[in-house]
Amino acid sequence: MVSFIGAGPGDPELLTIKGKKIIDSADVIIYAGSLVNPQVLADAKKEAVIYNSATMNLEEVIQVIKEAEDKGKKVARVHTGDPAIYGAHREQMDRLDELGIEYEVIPGVSSFLATAAVLKKEYTLPGVSQTVILTRMEGRTPMPQREKLLDLAQHNATMIIFLSVGMLEEMCRILRQAYRPGTPVAVVYKATWEDQKIVYGDLTSIAERVKEAGIRKTALTVVGDFLGDEYELSKLYDRTFTTEFRKGVTE
Ligand code: SAH
């Protein structure tokens, strides 16, 4: 059996109990060494064989899984955050389907959720934004025609940009064409790791501040007025609003 596991954003205590149990009992572990905190593997079996997928291509990863599977070994394929977000996960599952190898997926805490937690913010503020866009800038991997950053930015929704902090200046230049230039922005480097850094600014100031902080990778850029302090109170906890579980009072 192969288990794809979301290792969480960094802090090893943010691994799910289910994911940890599988890692701790696996015979073969393949982990994304560029981003997964090695401490997530701290309680792996002494005899477990551990591979770092940062230096492997898809064929090599599949080969390791197949050989282990042929010997009846238990494989943990450990991805950073949640594998469903920029995990290059689907192509592995499809190969396993072709080979008739069974697998399961254990979700993890994605870095975008850890980022909201360390910022102590909510992405979906009533009257501000009720939509969250997860995206990336076009780099060596092109963006589909209808998902250019400027098109997505037209909504002024809460936007979370992965994999792109190295292009922050260009990113802000594009976003300023759709959001107010004063729209707040935060860049979170290595959310929940010991060397986490948070830089605040707006669409005109953030690029310079992030450069000063020396952040070039492993960071998320979050944009939107959810970072501000103006919003409406929720209906969910409004004393005059009736919900399935609670009758509202009439004033
Ligand atoms: N599957 C992962 C994302 C992998 S893509 C997830 O769910 O989080 C890698 C990108 O994710 C990085 O370039 C960075 O933009 C972001 N990232 C991953 N871990 C992060 C962390 N702890 N803090 C901030 N950004 C992180």
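The values are calculated or read from the model by the stated rules, or taken from the named source; none is laboratory data. All figures in this text were calculated on a predicted structure; none of them were measured in a lab. Heads up, the Cβs are rebuilt from the backbone with ideal geometry, glycines too, and the neighbour counts pull from every protein chain shown. Ligands, DNA and RNA are excluded from the accessible area calculation, which covers all protein heavy atoms including side chains. Shrake-Rupley method; radii C 1.70, N 1.55, O 1.52, S 1.80 Å.
Before moving on, here are some points about what is shown:
- Share of alpha-carbon pairs per 5 Å distance bin for the stretch 150-251, given as whole %: 2, 12, 20, 18, 12, 9, 7, 8, 6, 4, 1
- The chain - percent relative contact order, Cα under 8 Å, separation 6 or more: 19
- For Lys45, distant residues with modelled amide H under 5 Å away: Ala26
- Here's how it looks for Tyr51: its modeled amide H is under 5 Å from those of Ile29, Ile30, Tyr31, which are all 5 or more places away or on a different chain.
- With both labels modelled 7 Å from their Cα along Cα-to-Cβ, the Glu98 to Leu150 distance reads 3.9 nm.
- Converting phi to 3J(HN,Hα) with the Karplus coefficients 6.51, -1.76 and 1.60 and the offset θ = phi - 60°, the stretch 23-37 yields 4, 5, 10, 6, 8, 10, 10, 10, 10, 7, x, 6, 10, 6, 5 Hz in sequence order, with x at every glycine or proline.
- When each of the peptides 231-237, 37-43, 167-173, 90-96 is scored by how many other beta carbons lie within 10 Å of its residues on average, the order from highest to lowest is 167-173, 37-43, 90-96, 231-237.
- Amide H contacts of Arg136 (H built 1.01 Å from N, under 5 Å, at least 5 apart or other chain): Phe162
- Taking every alpha-carbon pair within the stretch 1-146, the share separated by more than 24 Å comes to 36 percent.
- Across the stretch 91-101, rounded Karplus estimates of 3J(HN,Hα) from the backbone phi angles (6.51 cos²θ - 1.76 cosθ + 1.60, θ = phi - 60°) give 5, 6, 4, 5, 5, 5, 4, 4, 7, x, 9 Hz, Gly and Pro being marked x.
- For the chain, accessible area per residue (1.4 Å probe, heavy atoms of protein chains only), Å²: 57
- Loop sites in the stretch 128-169: trypsin sites (Lys or Arg not before Pro), DSSP, at most 14 other Cβ within 10 Å: Arg140, Lys148
- Loop GluC sites (Glu not before Pro), the stretch 24-72 (other Cβ atoms within 10 Å of the site Cβ: 10 or fewer; DSSP): Glu47
- Karplus-based coupling profile of the stretch 128-140, in residue order and whole Hz: 10, 7, 10, 9, 10, 9, 9, 8, 8, 7, 6, x, 6, with θ = phi - 60° in 6.51 cos²θ - 1.76 cosθ + 1.60 and x standing for Gly or Pro.
- The shape of the chain comes out prolate: with a ≥ b ≥ c from the C-alpha gyration tensor, a/c is at least 1.5 and a/b beats b/c.
- Summing charges over all other residues whose Cβ lies under 9 Å from the Cβ of Val199, with Lys and Arg as +1 and Asp and Glu as -1, gives +1.
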